[in-house]
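The values are calculated or read from the model by the stated rules, or taken from the named source; none is laboratory data. Computed from a predicted model, the values in this text were never measured in an experiment. Cβ placement follows ideal geometry from the backbone for every residue including glycine, while neighbour counts extend to all protein chains displayed.
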Amino acid sequence: TIRLTIDLDPALREGMEVGPSLAVNGTCLTVETEQPGRLTVTLMPHTYHLTTFKDLPVGDLVN
(Lines give C-alpha, C1' and ligand atoms only; values in the text may rest on other atoms or scores of the structure.)
Protein backbone atom coordinates (compact mmCIF):
# COMPACT_ATOMS: atom_id res chain seq x y z
CA THR A 1 0.00 0.00 0.00
CA ILE A 2 0.98 3.63 -0.49
CA ARG A 3 0.35 6.25 2.17
CA LEU A 4 -0.44 9.81 1.17
CA THR A 5 -0.31 12.55 3.80
CA ILE A 6 -2.33 15.67 3.07
CA ASP A 7 -1.85 18.99 4.86
CA LEU A 8 -5.32 20.40 5.25
CA ASP A 9 -6.48 23.99 5.52
CA PRO A 10 -7.99 24.42 9.01
CA ALA A 11 -11.23 25.73 7.46
CA LEU A 12 -11.69 22.38 5.66
CA ARG A 13 -10.74 20.20 8.62
CA GLU A 14 -14.00 20.55 10.54
CA GLY A 15 -15.83 17.24 10.66
CA MET A 16 -12.89 15.20 9.36
CA GLU A 17 -12.26 11.99 11.25
CA VAL A 18 -10.81 8.52 10.71
CA GLY A 19 -13.01 6.24 8.62
CA PRO A 20 -15.02 8.44 6.24
CA SER A 21 -14.09 8.72 2.59
CA LEU A 22 -12.68 11.85 1.03
CA ALA A 23 -12.48 12.71 -2.68
CA VAL A 24 -8.92 13.70 -3.58
CA ASN A 25 -8.20 14.62 -7.20
CA GLY A 26 -11.37 12.77 -8.16
CA THR A 27 -10.47 9.55 -6.34
CA CYS A 28 -12.41 8.36 -3.30
CA LEU A 29 -9.97 7.55 -0.46
CA THR A 30 -10.54 6.52 3.15
CA VAL A 31 -9.07 8.64 5.94
CA GLU A 32 -6.72 6.34 7.89
CA THR A 33 -5.26 8.77 10.42
CA GLU A 34 -6.01 12.33 11.42
CA GLN A 35 -3.67 14.76 13.15
CA PRO A 36 -4.02 18.51 13.63
CA GLY A 37 -3.93 19.97 10.12
CA ARG A 38 -3.04 16.68 8.46
CA LEU A 39 -4.79 13.57 7.11
CA THR A 40 -3.30 10.29 5.93
CA VAL A 41 -5.00 8.11 3.34
CA THR A 42 -3.94 4.79 1.84
CA LEU A 43 -3.85 4.04 -1.86
CA MET A 44 -3.78 0.52 -3.21
CA PRO A 45 -1.03 0.04 -5.83
CA HIS A 46 -3.65 -0.50 -8.55
CA THR A 47 -5.30 2.85 -7.74
CA TYR A 48 -1.92 4.58 -7.59
CA HIS A 49 -0.91 3.38 -11.05
CA LEU A 50 -4.25 4.17 -12.71
CA THR A 51 -4.55 7.74 -11.38
CA THR A 52 -2.51 10.94 -11.45
CA PHE A 53 -1.14 10.27 -7.96
CA LYS A 54 1.91 8.58 -9.47
CA ASP A 55 2.80 11.89 -11.17
CA LEU A 56 2.45 14.16 -8.11
CA PRO A 57 5.65 15.56 -6.63
CA VAL A 58 5.91 15.91 -2.85
CA GLY A 59 4.26 19.16 -1.78
CA ASP A 60 2.00 19.46 -4.83
CA LEU A 61 -1.54 20.75 -4.37
CA VAL A 62 -4.55 18.43 -4.62
CA ASN A 63 -8.25 19.23 -4.78
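Annotations for the structure displayed:
- Residues in region 1-31 that are closer than 12 Å to Asn63 by Cβ and polar (S, T, N, Q): Asn25, Thr27.
- Hits in region 1-59 (condition: polar (S, T, N, Q) and assigned to a helix (DSSP H, G or I)): Thr47, Thr52
- Within region 8-37, the set of residues being of a type outside the set (A, V, I, L, M), surrounded by 11 or more Cβ atoms within 10 Å (Cβ to Cβ) and modelled with pLDDT of 90 or more comprises Asn25, Thr27, Thr30, Glu32, Thr33.
- Long-range neighbours under 8 Å by Cβ, at least six apart or interchain, first residue in contact (Cβ under 8 Å) with a residue 40 or more places away in the chain and more than 21 Å from Met16 (Cα to Cα) within region 37-63, second loosely packed, with under 14 Cβ neighbours inside 10 Å and of a type in the set (A, V, I, L, M, F, W, C): Met44/Ile2; Pro45/Ile2; Tyr48/Ile2; Phe53/Ile2
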